[in-house]
1. Of all chymotrypsin sites (Phe, Trp or Tyr not before Pro) in the range 41-114, which ones are in loop regions per DSSP and have a Cβ with at most 13 other Cβ atoms within 10 Å?
2. Starting from the alpha-carbon convex hull of the range 28-79, give the projected area averaged over all orientations, in nm².
3. Would you mind checking the tilt of helix 22-48 against the longest principal axis of the Cα atoms of the chain, expressed as 0 to 90 degrees and rounded to 10?
4. Calculated from DSSP H runs of 4 or more alone, at -39500 (n - 2.57) each and per residue, what is the 222 nm mean residue ellipticity of the chain, nearest 500?
5. Please give, to one decimal in nm, the separation of the simple spin-label points placed at residue 40 and residue 86, each 7 Å out from Cα toward the Cβ.
6. Using the crude model of +1 on Lys and Arg Cβ and -1 on Asp and Glu Cβ, and no other charge, please compute the dipole size for the range 2-170 relative to its Cα centre, in debye to 20.
7. Just the Cα atoms of the chain, one point each, no solvent: what log10 I(q)/I(0) does Debye give at q = 0.09, 0.18 Å⁻¹?
8. I need the per residue convex hull volume for the range 97-176, using only the alpha carbons, in cubic angstrom as a whole number.
Amino acid sequence: SSFFGSKFQRSVEELLVSPVSPHTILLGYTIGGVLRGLAVGVIVTMLSLFFTKLQVHHLGITVLVVVLTATIFSLGGFINAVFARNFDDISIIPTFVLTPLTYLGGVFYSINLLPPFWQTVSLANPILHMVNAFRYGILGVSDIRIGVAIGFMLLATAVLYLGCVRLLVSGRGMRQ
């Protein structure tokens, strides 16, 4: 939302012509998105403690997964902001990409309940890896190996980061 706001107000052009590297620009927006995501997560978790007791099975893994997930969504949001031309365009990715991936990502069911073909297809869903890594951190159980899930998340973070840097360098979708 921060990058789209800058783009909408046309102040992003000043940033792009400044002597600041694309990596610095991207890190600034990404860290801002991660901190916003973590703040929301902490507030929701604190509110949930009024209703239930939270037991974390693997604290280190849980923290790593939360930070990686926030980073992935922050980088994805940056890409969404680059290509969005107006406020209506911002909702396209959450509506038509994230919602189906969430419902098909093992959030509400175990992928072990699926036929073998669909289990294999589900492994390409990044949400599945995030959900199962978080599930392992909190509950100690997962449908997939935790190393595979974290590796997939690290790979997704690297690919998204490089894609964002490439978009910044090219200026595609930013100058109007």
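Throughout, read-outs are computed from the coordinates displayed, never taken from laboratory work. This is a predicted model, so every value here is computed, not measured. Here Cβ is always computed from backbone atoms with ideal geometry, including for glycine, and neighbour counts include all displayed protein chains.
1. Counting only loop positions with at most 13 other Cβ atoms within 10 Å, the chymotrypsin sites (Phe, Trp or Tyr not before Pro) in the range 41-114 are 50, 51, 108, 109.
2. 3.8 nm²
3. 40 degrees
4. Calculated mean residue ellipticity at 222 nm is -21500 deg cm²/dmol.
5. Taking the simple label geometry, residue 40 and residue 86 are separated by 2.4 nm.
6. It comes to approximately 200 debye.
7. Each listed q maps to, in turn, -0.37, -1.21.
8. So the per-residue hull volume is 116 Å³.
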